[in-house]
Amino acid sequence: MPVSAIEEFGENEPIQLDCGHDLAPFSIAYQTYGKLNEARTNAVLICHALTGDQYAADTHPLTGKPGWWSRMIGPGKPIDTDHYFVICTNVLGGCMGSTGPASLNPETGRPYGLDFPVITIADMVRAQERLIERLGIPSLFAVVGGSMGGMQVLEWAASYPEKVFSAIPIATAARHSSQNIAFHEVGRQAVMADPDWRGGRYLEAGVRPRKGLAVARMAAHITYLSDEALHRKFGRNLQDRDCVTFGFDADFQVESYLRHQGMSFVDRFDANSYLYITRAMDYFDLAQDHGGLAQAFRKARSRFCVVSFTSDWLYPTRESREIVQALNAVAANVSFVEIESDKGHDAFLLHEPELFDAVSGFLSAAAERRGL
Amino acid sequence: MDARTPGTGSRVDHLLIADMVEPGARVLDIGCDTGDLLKLLENVRDVDGRGVEISQSGVNFCVAKGLSVVQGDADRDLENYPDQAFDYALLSQTLQATRRPKYVLEQLLRIGRYAIVSFPNFGHWRIRFKLLFNGRMPKTENLPEDWYDTPNIHFCTIKDFISLCEEVDAKIVKPVALNSYGKPLRIGLPLSWQNLFGEQAVFLLTRK
């Protein structure tokens with residue numbers, strides 16, 4: 001994917017992974033928007049969600065669609081590129097230019113496949129930190145992200161407290177719940193049950209487990225929405241017909257919508273990356289890693305703005321509230337906004353004026369404090 | 001309470017509280033509503049301010065204004081804050097709306113080196129007068145709701161508050177009673193006069 005800038009880290013600069021493996025060489029692909037100021041104090045790191053990538057605010061090279069957060073990032077937008085220098089990386093383990101299971105294993109000359117080491121959210125953040133260092137940015141003005149991106153935000157604040165001036169974790173949790181792990185397992189099993197998955201070596205065979213990955217995406221997509229949003233959008237409306245067919249075609253609009261979501265996803269995403277990234281999320285448990293959630297934020301110096309949505313049942317408000325309580329317990333500077341929305345988990349990607357107001361107000365106040 | 005001092009646009013009790021707060025202090029405002037007091041303290045005292053507000057719409061409004069505010073219930077959520085995490089814990093016109101005023105006051109004194117509490121004085125002569133002659137729950141300009149429709153469930157008088165302070169081992173550093181015009185009553189006035197003519201009160205407290 002040569003459209004992004006790619007930073008390469010050589011044999012002599014390995015990254016130490018949580019699984020005990022040293023990964024080298026490795027690459028991180030990223031996009032930037034806006035200009036870094038002379039003092040290098042206005043950099044904002046955007047962390048993407050499970051199926052996102054570095055194309056946060058510009059046209060996606062594969063789909064031709066606007067970036068996944070183009071509502072949020074840009075001139076005059078809440079994350080204002082007239083003032084801030086925005087960096088968005090493709091996570092380690094991803095498939096849009098950063099090293100992941102589809103990359104060539106230098107030891108074998110073949111794609112890694114399942115030989116790629118299992119990575120964690122902390123590993124993704126370590127790789128980002130190396131990139132930020134390489135770009136000559138001593139500390140970030142803000143780290144912002146939703147869902148898995150929010151996990152990275154929390155990890156940043158816990159692991160590199162001195163490098164995060166402000167943090168906005170949105171629609172996220174400090175650990176993956178049992179229910180979330182269960183949904184991910186369904187997705188992984190769907191991928192691995194596809195005969196074209198071939199034990200993870202599908203790239204060499206010139207095939208891809210399209211059906212399995214599409215099913216995984218369909219199941220996951222339901223968890224990103226809410227019953228109300230689905231009902232509002234589709235109800236029980238039929239697709240291009242007046243009555244049901246008494247068969248297994250996509251009679252209902254919602255079926256046809258999910259099939260479309262599934263099939264368009266396989267064109268832009270690598271199945272093994274899906275396995276690795278869902279695993280990284282499942283392993284995420286900030287409290288366990290630090291001996292308690294408040295302990296994790298013991299050294300945090302950042303200003304936090306935690307955001308949740310009322311109809312998000314994947315990362316419900318009570319999980320955001322746990323983060324807020326832990327931050328209060330160490331007297332951290334925290335704001336907490338719960339936004340009334342019926343759009344489910346996906347609300348953070350959609351048109352939610354209250355979200356934009358909160359992010360923009362919070363960042364402006366933080367910018368004032370940092371003298372930007 | 002909405003008595004505002006002409007020319008400043010700020011509530012009288014807010015200005016008094018601002019006078020009591022040292023510049024640059026760490027401040028937690030409990031029941032911060034739309035953040036007017038926090039904004040005032042940031043502007044005139046350059047404080048490191050945080051807020052707790054029970055209504056989510058109030059919180060979202062404050063955050064959009066750039067204030068650090070979380071949704072929370074004074075009756076329940078203050079336990080999460082560590083001892084002496086703040087220089088000042090503020091409770092402005094909120095005490096009478098809490099379910100457990102004594103507990104809230106204890107938490108305030110634990111969280112802050114100082115606590116500042118402002119409240120409407122139910123011992124004010126006009127309220128006594130209304131109750132005496134009308135025989136109905138008094139409504140005033142500052143307390144306009146009907147008895148069944150008010151968020152205020154634990155009214156007290158200045159005398160009541162002083163005895164509560166004794167009960168929770170609070171030392172009164174500075175008591176101020178304000179008359180109907182928002183002017184502080186003359187210092188040295190006997191307590192019973194303050195209780196009669198003070199329409200609201202502001203107390204600076206610390207632990208004994």
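The values are calculated or read from the model by the stated rules, or taken from the named source; none is laboratory data. Remember, predicted model here, so these are calculated numbers, not experimental data. Quick reminder, even Gly has a Cβ in these numbers, built from the backbone with ideal geometry, and neighbours come from all protein chains shown. Accessible surface areas use protein heavy atoms only, side chains included; no ligands, DNA or RNA. Shrake-Rupley method; radii C 1.70, N 1.55, O 1.52, S 1.80 Å.
Which FRET efficiency value, to the nearest 0.05, do you get for A:S70 and A:S139 by plugging their Cβ-Cβ distance into 1/(1 + (r/R0)^6) with R0 = 25 Å?
Plugging the Cβ-Cβ distance into 1/(1 + (r/R0)^6) gives 0.40.
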For chain B the mean separation of alpha carbon contacts under 8 Å (6+ apart) over residue count, i.e. relative contact order in percent, is 20 percent
Plugging the Cβ-Cβ distance of A:S177 and B:K159 into 1/(1 + (r/R0)^6) at R0 = 56 Å yields, to the nearest 0.05, a FRET efficiency of 0.60
Computed about the Cα centre, the charge dipole of the protein assembly as shown from +1 Lys/Arg and -1 Asp/Glu charges at the Cβ has a magnitude in debye, to the nearest 20, of 1360 debye
Counting only DSSP loop positions in region A:1-105, the trypsin sites (Lys or Arg not before Pro) whose Cβ has at most 16 other Cβ atoms within 10 Å are A:K35, A:R40
Farthest towards the positive end of the dipole of region A:86-183, among A:Y112, A:A142, A:A158 and with Cβ unit charges of +1 on Lys and Arg and -1 on Asp and Glu, lies the Cα of A:A142
Of A:D194, A:D249, A:D267, the most mobile residue in a GNM of chain A (C-alpha springs, cutoff 10 Å) is A:D249
Among A:Q189, A:T41, B:V44, the residue whose Cα sits farthest towards the positive end of the charge dipole of the protein assembly as shown, when +1 is placed on the Cβ of each Lys and Arg and -1 on the Cβ of each Asp and Glu, is B:V44
In region B:118-162, the chymotrypsin sites (Phe, Trp or Tyr not before Pro) that sit in a DSSP loop and have at most 14 other Cβ atoms within 10 Å of their own Cβ are B:W147, B:Y148
Percent antiparallel among DSSP beta bridges confined to region B:8-207, nearest 5, equals 45 percent
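Using a simple charge model, +1 on the beta-carbon of Lys and Arg, -1 on the beta-carbon of Asp and Glu, nothing else, what dipole does region A:277-349 show about its Cα centre, in debye to the nearest 20?
With Lys and Arg at +1 and Asp and Glu at -1, about 460 debye.
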The answer for the protein assembly as shown, accessible area per residue at 1.4 Å probe in Å², is 43 Å²
Checking B:A64, B:A85, B:A170 against a Gaussian network model of chain B (alpha-carbon springs below 10 Å), the top fluctuating residue turns out to be B:A64
With a ≥ b ≥ c from the Cα gyration tensor eigenvalues, square-rooted, and the rule rounded for a/c under 1.5, otherwise prolate when a/b > b/c and oblate otherwise, chain A is oblate
Taking a straight Cα-to-Cα line shorter than 19 Å from B:K183, and setting aside same-chain aspartates and glutamates fewer than 8 residues away, one finds B:D2, B:D13, B:D19, B:E141, B:E199
With all protein chains in place and a 1.4 Å probe, A:R298 shows an accessible area in Å² (nearest 10) of 120 Å²
Once the in-chain neighbours fewer than 8 apart are removed, the lysines whose Cα is under 16 Å from B:K130 read B:K139
Per GNM of chain A with C-alpha springs under 10 angstrom, the most fluctuating residue out of A:A329, A:A29, A:A57 is A:A329
With the charge dipole of chain A built from beta-carbon charges (+1 for Lys and Arg, -1 for Asp and Glu) about the Cα centre, the Cα from A:Q288, A:V3, A:L327 projecting farthest to the positive end belongs to A:L327
Bridge orientation stat for the protein assembly as shown from DSSP, antiparallel percent rounded to 5, came to 40 percent
Ignoring ligands and nucleic acids, chains A and B bury, in total, an accessible area (1.4 Å probe) to the nearest 100 Å² of about 1600 Å²
Here the longest stretch of chain B that holds no GluC sites (Glu not before Pro) in a DSSP loop having at most 13 other beta carbon atoms within 10 Å is B:1-140
Computed from the beta carbon distance with a Förster radius of 41 Å, FRET efficiency for B:T150 and A:R370 to the nearest 0.05 stands at 0.45
Largest-first ranking of B:M137, A:M281 by accessible area, probe 1.4 Å, whole protein assembly kept, is B:M137, A:M281
Using alpha carbon centers only, region A:185-224 is separated from region A:257-290 by a whole-angstrom value of 11 Å
Ignoring ligands and nucleic acids, A:S70 exposes an accessible area, probe 1.4 Å, in Å² to the nearest 10, of 30 Å²
Measure of exposure for B:V44: accessible area at 1.4 Å probe, Å² rounded to 10, is 80 Å²
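Using a 10 angstrom Cβ neighbour count of at most 11 plus a DSSP loop assignment to flag exposed GluC sites (Glu not before Pro), which longest range of chain A is free of such sites?
On the way: sites that count: A:E11, A:E38, A:E107.
The segment A:108-372 is the longest one with no such site.
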If each part is reduced to its alpha-carbon centroid, region A:58-100 and region B:49-65 end up apart, in Å, by 30 Å
Accessible-area order for A:H21, A:H83, largest to smallest, probe 1.4 angstrom, reads A:H83, A:H21
